[in-house]
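The next block holds one structure in the form of structure tokens; read it before the comments.
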Amino acid sequence: SGIINVGSGSAMTYYAGSAHYSATKKFVDFFSQSVGYECSDKVDFLLARPYIVTTTMTHNVETFYTTTVDKCAKT
């Protein structure tokens, strides 16, 4: 069996005005790694960490380093 958690590239660096968002994504990152290590003989923990997904939260910005919701879900 496996568990997939969705993190964010914002867990890897700091962004002004998004401390709460970055903090929750950092938690997901560490939680996935820790529990994945502790339960590696029973469950596979996978962490998806997209950088920027074009959504209303990101004002639908599209650049060379963004991805769409559909592409992120298929990956």
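Values quoted throughout were computed directly from the atomic coordinates according to the rules given, and no laboratory measurement underlies them. These numbers were taken from a predicted model, which means no experiment stands behind them. Note that each Cβ is placed from the backbone with ideal geometry, even for glycine, and that neighbours are counted across all protein chains shown.
Table for the structure above
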{"quantity": "Whichever lysines have a C-alpha closer than 21 Å to that of Lys74, once near sequence neighbours (fewer than 8 apart) are set aside", "calculated": "Lys25"}
{"quantity": "Neighbour cut-off at most 10 other Cβ (10 Å), DSSP loop, trypsin sites (Lys or Arg not before Pro), the range 1-68", "calculated": "Lys42"}
{"quantity": "Two-site FRET efficiency, Asp41 against Phe64, from Cβ-Cβ distance with R₀ of 25 Å, rounded to 0.05", "calculated": "0.05"}
{"quantity": "Base-10 log of normalised Debye intensity for the chain (one unit scatterer per alpha-carbon) at q = 0.11, 0.15, 0.24 Å⁻¹", "calculated": "-0.32, -0.57, -1.12"}
{"quantity": "12 Å beta-carbon shell around Arg49, net charge (K/R +1, D/E -1)", "calculated": "+1"}
{"quantity": "Whichever lysines have a C-alpha closer than 21 Å to that of Lys42, once near sequence neighbours (fewer than 8 apart) are set aside", "calculated": "none"}
{"quantity": "In degrees, nearest ten, helix 19-38 long axis to first principal axis of the chain (Cα)", "calculated": "20 degrees"}
{"quantity": "Top of Ala11, Ala19, Ala48 by mean-square fluctuation, Gaussian network on the chain, Cα under 10 Å", "calculated": "Ala19"}
